[in-house]
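Before any comments, here is the structure.
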């Protein structure tokens, strides 16, 4: 995954000389899995998640956003409210490395070149590619659906809190729907419902770049 981080940094620094304002920073928080093993509680972080992000602010209301986040997804049937899962007793664990790109929309103007206090709720969505660190080294895609709020700490520092659900295009993060035909007989759970995972945590970004003209021409 070091290659992925290196490519991400190359992409970011290739754009820092442009005439728009930029943000680069980190994400830290937790993750939880929702699938065919363990608890189905929507927001229930039980493993650390961390990464970094870059935003290219095109106006006070929207930004192009790119991020890399990694975590270990873990769930246990014992934590479920479903008696049948508790009796089954399965445990799943899988490392995830995610690259995401999309649009962040602010509900209020968030102009970082204004001297006054700034605050806004926001949403983010786009498309993500993620890698599963099991023996089969799978990769798949998901649609991130993120809600959050952010504010200004100093002239160049911004802090935010967000919760982001990921609807994935696979039902095999927990191994419940094997891709290998030799193991199809071991499939279990709801085979018509794909897996989800959720990141909950804080972002801290540093703002830099020229003051853009948010004008209509």
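We did not get these values from a lab; they are worked out from the coordinates using the rules stated. Source: prediction; values computed, not measured. No Cβ is skipped: glycine too gets one built from the backbone with ideal geometry, and neighbour counts run over all protein chains shown.
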>> Please list log₁₀ I(q)/I(0) at q = 0.19, 0.28 Å⁻¹ for the range 27-90, using the Debye equation with identical point scatterers on the alpha-carbon positions.
In response: -0.75, -1.07
> Label points 7 Å out from Cα along the Cβ direction at residue 81 and residue 179: separation in nm?
Replying inline: 3.4 nm
> In degrees between 0 and 90, to the nearest 10, how far off the longest principal axis of the chain does helix 2-13 point, with axes built from Cα atoms?
Replying inline: 20 degrees
>> Under 8 Å for C-alpha pairs, at least 6 residues apart: give me the relative contact order for the range 91-217, rounded to a whole percent.
In response: 20 percent
> Taking only DSSP H segments of four or more residues, each worth -39500 (n - 2.57), what value at 222 nm results for the chain once the sum is divided by all its residues, to the nearest 500 deg cm²/dmol?
Replying inline: -2500 deg cm²/dmol
>> Which one, 70, 104, 155, has the greatest fluctuation when you compute a Gaussian network model over the chain with C-alpha springs under 10 angstrom?
In response: 155
> Which residues in the range 186-203 have a backbone N closer than 19 Å to a point placed 7 Å from the Cα of residue 163 along the Cα-to-Cβ line?
Replying inline: 196-203
> Using the scaling law 2.2 N^0.38 Å as the reference, what is the normalised Cα Rg of the range 27-208?
Replying inline: 1.15
>> I need the per residue convex hull volume for the range 139-187, using only the alpha carbons, in cubic angstrom as a whole number.
In response: 94 Å³
